[in-house]
Amino acid sequence: MRILGINAIFHDPAAALIVDGEIVAAAEEERFSRRKHGKPAVPFAAWELPEQSARWCLDTAGLTAADLDAVGYSYDPALVDHSLDGLDPSWEKLRTTYARRAPSFLRSALPGLDPEIVRFVRHHVAHGASSALVGPFDDSALLVSDGRGESTSYLAGEYRDGKLEELASQPLPHSLGLRYEDLTEHLGFHRSSDEYKVMALASYGTPRFLPALRERIFTTGDGGFHADGVEWTDYAPRRTVSGELLEEHADLAASVQQRLEEVLLELAGWLYGRTGQPRLTMAGGVALNCVANTRLHAESPFEEIWVQPAAGDAGTALGAAAAVATELGERPMPMRGADLGRGFTDEELRQTLDVAAVRYERPADVAVAAAEALAADKIVAWFQGRAEYGPRALGHRSLLAHPGRAANLERLNDVKGREQFRPVAPMVLVERAPELFGRGPIPSPYMLFVHDVAPSWRDRIPAVTHVDGTARIQSVDRADEPLLARMLAEFEARTGLPVVVNTSLNTAGRPMVDTPRDALELFGASPVDVLVLGPFVVRRS
């Protein structure tokens, strides 16, 4: 069967394609349109579809829209309860109208598509399916938390034999994700976009507002929670986008972050008590909070936790396709990796370089060339294979640097044009990871957990050691990523350090680089020293 999945309703529009149980392609629209998050997270943008990513998915499989057996759309307008608080009374009906008309919109966007094959998939079920149905476990407990779906903000349940038993949900306006979004906006960042900045800022604060927040945000003992009516100005003044970050702002971020972790631990404990499952799968925007994920790994009763690498709304495209495929009797095979986006042949890369009229070389081994540049403290733009699906750069569209130079954190943040409190991540061979990093799970290939940096290594890899002594690692398995593994081994041979700095190949406010042309544009506009583009190397003169 050929199943296309579509996410379009809120933000991060994306498309995914499953053919005969195999995940063939998945990509976010932002990588094609070059608009960060694809579109604004407002109701009157709900009609915008991931047209380019959907067409690319079909082209990758050699299909047309007429060849599809079904389309999963990750929102069910029939489930919207317009009487609930927390919905925008001025615009919510417009969003619902757009969703109802999605089949006809899709027919216009993808000529040949039969609108009758479009199936609405509940938003949180799509999130859950993206984790439980394509993750590494046959059966698992499931926890989904985000801003909102149709009328709820949370789902807890259990998947057995591909079937979901829902055990709890939380109606709006109570939402852990929306409260975190509110805080993001209050602190002068962009909501539905910059929540990871709040998580990073929290490390610089003291959770002195935690006792008061425990009275406002709490679990209810039945698998749900209360999270409404928080006035952030009671704790810290509202900050403008360009305003100074005060101690109160960091303290408020720390307090909310810790309360989120506490509530998730209580919900996970309740879920384990209902299911007895040793394995937990997670999705939804809240599941991108790697600090909270690590506390769940360390302190919850679950033995294993797997988080969908595209846990945000983009991942619901894959989840909608997976849910529909399973309904039709063909559960998908597990994800083999997050590299599900566009890739380019060596000849296509060479042609791009020739058209750009830049000098380049083709060394015998680009892994060695990159390692030599990194050892010489050069910043390397690394473009290899298919692009990542989801928000994390995992060694396919990455900026790399020397971890032993403390100044490289500031240097990379300057290259990217972002705040100096933002951390960068270590990439490390999976067999070396336990020596350097503790507490979080290993392997950790998707950068979805934080790990304590061993005290003996903190001074040796200061660029990747966050202010609280942690790091969000990416472990690299030689079997899965032989080129990356070779580069890491060559770097260690030259420096004695088994770690390389890895951060996303983009600049502030821009989507991650996706095409070779994108990579050349970034290289030309940023103080990057070396561009490794497939087997080719471009050096700044």
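Observations
- Solvent-accessible area of the chain (1.4 angstrom probe, protein heavy atoms only): carbon and sulfur portion equals 48 percent.
- Sorted largest first, the principal axis extents computed over the alpha-carbon atoms of segment 198-281 equal 47, 24, 21 Å.
- Rounded, prolate or oblate (a/c below 1.5 giving rounded, otherwise prolate when a/b exceeds b/c) for segment 386-541 by Cα gyration tensor: prolate
- Per-residue 3J(HN,Hα) values for segment 55-62, derived from phi via the Karplus relation 6.51 cos²θ - 1.76 cosθ + 1.60 with θ = phi - 60°, read 5, 5, 4, 5, 4, 4, 8, x Hz in sequence order (x marks Gly and Pro).
- Short-range pairs are left out: with C-alpha atoms under 8 Å and at least six residues apart, the relative contact order of segment 1-148 is 23 percent.
- Sites listed here are trypsin sites (Lys or Arg not before Pro) in segment 300-396 whose DSSP assignment is loop and whose Cβ has at most 14 other Cβ atoms within 10 Å: Arg336, Arg359.
- Listed residues Trp47, Trp306 arranged by accessible area, highest first, probe 1.4 Å: Trp47, Trp306
- Binned Cα-Cα distance frequencies in the chain - 10 Å width, integer %: 4, 19, 29, 28, 16, 4, 0
- Taking every C-alpha pair closer than 8 Å and separated by at least 6 residues, the mean separation divided by the residue count of the chain gives a relative contact order of 16 percent.
- Spin-label pair Arg216-Arg539: with each label point 7 Å from Cα along the Cα-Cβ axis, the two points sit 5.6 nm from one another.
- For segment 337-440, the convex hull drawn through the C-alpha positions has a volume of 160 cubic angstrom per residue.
- Measure of compaction for segment 139-283 (Cα Rg per 2.2 N^0.38 Å): 1.10
- Under the Debye formula (equal points on every Cα, no solvent term), log10 I(q)/I(0) of segment 92-187 at q = 0.18, 0.19, 0.24 Å⁻¹: -0.96, -1.00, -1.11
- In terms of the mean number of neighbouring beta-carbon atoms within 10 Å, the peptides 125-131, 287-293 order highest first as 125-131, 287-293.
- Cα centroid separation - segment 459-534 against segment 44-74, whole Å: 32
- Cα gyration tensor shape for segment 434-498, rounded if a/c is under 1.5, else prolate or oblate: oblate
- Contour excess over end-to-end distance, with Cα ends at Met333 and Val42 and 0.36 nm allotted per residue: 101.3 nm
- A Förster distance of 45 Å, applied to the separation of the beta-carbon atoms of Asp228 and Asp20, puts the FRET efficiency at 0.50.
- Residue range of the chain that is longest and free of GluC sites (Glu not before Pro) which are both DSSP loop and sparsely packed (at most 11 other C-beta within 10 Å): 304-541
- Tail fraction, Cα-Cα pairs, segment 1-86, threshold 16 Å, whole percent: 55
- Size of segment 41-126 as Cα extents on the principal axes (Å, biggest first): 46, 21, 19
- Each DSSP beta bridge with both residues in the chain is either parallel or antiparallel, and the antiparallel ones are about 70%.
- Cα convex hull, segment 236-311: 104 Å³ per residue, rounded to a whole number.
- Global geometry of segment 89-148, whether rounded, prolate or oblate, following the gyration tensor of its Cα atoms and the 1.5 cut on a/c: oblate
- Amide N proximity, segment 398-426 versus Val467 label position 7 Å along Cα-to-Cβ, cut-off under 11 Å: 420-423
- Extension gain for the segment Ala78 to Lys93, taken as residue separation times 0.36 nm less the Cα-Cα distance, is 4.2 nm to one decimal.
- Length gained on full extension, Arg55 to Asp477: 148.7 nm, using 0.36 nm per residue less the C-alpha separation.
The values are calculated or read from the model by the stated rules, or taken from the named source; none is laboratory data. Note that the structure is a prediction, hence the values are computed from the model and not measured. FYI the Cβ positions are ideal-geometry reconstructions off the backbone, even for glycines, and counts take in every protein chain you see. All accessible areas refer to the heavy atoms of the entire protein, side chains included, with ligands and DNA or RNA removed. Shrake-Rupley method; radii C 1.70, N 1.55, O 1.52, S 1.80 Å.
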